[in-house]
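Here is the structure we will look at, set down as C-alpha cells.
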Amino acid sequence: QAATTDEKTYQIATDITFAPFEFQETNGEYVGIDIDLLNAIAEDQGFKVEIKPLGFNAAVQALESKQVDGVIAGMSITDERKNKFDFSDPYFDSGVVMAVKEGNDEIKEYKDLKGKKVAVKTGTEGASFATSIKDKYGFKIVTFDDSANMYDDVKTGNSTAVFDDYPVLAYGANQGNGLELVTEKESGGSYGFAVSKGQNPELIQQFNEGLSNLKESGEYDKILDTYLSAPK
Ligand code: GLN
C-alpha cells in the first residue's frame, strides 16, 4: 500500500436513499453495497474517496458537469449513458419492476393502471420504462427526486404504483416497507461505477482491478451477503 499521504482523494456522488446499495444509518453514516464495495476497492487500490449523497439525478448531473469524479448509485450501464460516461465492469444485475401498496389486489398487470398515477424517480431507468408504456396503458406519471418520497406517495394512495429497480424494491418489501412487488422484472442494465467520458481513466481501471481482487478474495460475496442474506 502507498503511504496515506500520497493517496489521491476522489469525490464520489451517490443517491440519498437506495437500500441496500446506499442508505444512512441512524448515526448518519452512509453504508450499503455500493459504499462498502467502493471503500473496499479504494483500500485495495490505495486511493481515498469522499462520498457525496446528492440524490440520483443530481449525482448524475454533477458528474456530467465534472463537479465530482465519479458516481456509484446503483447506476445502470445503458447505451445512452455511455455517450456521456465511462463505466466500470458491471458489478450487480438489475432490472425494473412494478410495486403497489401492500394488500392492493386491484393491480395485477400494467393494464390495471388505466387512469391511475404512477410514481417514478427523475432520470432513472424506472422512469424511462414507465414513460415508454404510459400512453399504451393510459396512466399518468408523478416524479420524485428520491425513492423514500416516491414510496410514500404510493403508501398514502396518491400514486397507485411505482416503477423502480428490482433489487431495491425486493429488499424494501422484504424489510416490510409497506409495498409489494406485482410484475416480473423487466430486463434492465447492470450497475456500473461511472466517471465522465475520458476523465479519470485511472479511476475506472483501479475500480475494475479492485473489483476483480474483491471477487477473488471472497470480499465481494461477503459484502453482498451482509445486506442480502440476513434473515428478516
Ligand atoms: N438503476 C437505475 C438507473 O440507473 C436507478 C438508480 C437509482 O435510482 N439510484 O437509472
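General remarks:
- Positions within the stretch 97-129 being away from the ligand (no atom under 16 Å from the Cβ) and surrounded by 13 or more Cβ atoms within 10 Å (Cβ to Cβ), in sequence order: Val100, Lys101, Glu102, Asn104, Ile107, Tyr110, Asp112, Leu113, Lys116, Lys117
- Within the set Ser94, Ser132, Ser88, Ser187, the sole residue that is within 14 Å of the chain's Cα centre (by Cα), within 16 Å of the ligand (Cβ to nearest atom) and polar (S, T, N, Q) turns out to be Ser94.
- Hey, Val31 touching a Leu at 6+ places or on another chain (Cβ under 8 Å), more than 10 Å from the ligand (Cβ to nearest atom) and under 19 Å from Ser147 (Cα atoms) or not: no
- Top-ranked residue of the stretch 28-81 - restricted to ones that are of a type in the set (Asp, Glu) and surrounded by 18 or more Cβ atoms within 10 Å (Cβ to Cβ), ranked as nearest to Gly210 (Cα to Cα): Asp44
- Residue in the stretch 161-169 that is away from the ligand (no atom under 16 Å from the Cβ), more than 21 Å from Ile12 (Cα to Cα) and at pLDDT 95 or above present: yes
- The residue that is farthest from Ser94 (Cα to Cα), counting only those in the stretch 31-69 that are in a loop (DSSP other than H, G, I, E, B) and small (Gly, Ala, Ser), is Gly46.
- Residue tally, condition under 24 Å from Thr17 (Cβ atoms) and not hydroxyl-bearing (Ser, Thr, Tyr), over the stretch 168-210: 23
The values are calculated or read from the model by the stated rules, or taken from the named source; none is laboratory data. This one's a predicted model, so the numbers in the text were calculated from it and none came from an experiment. Glycine gets a Cβ as well: all are built from the backbone with ideal geometry, and neighbour counts include every protein chain shown.
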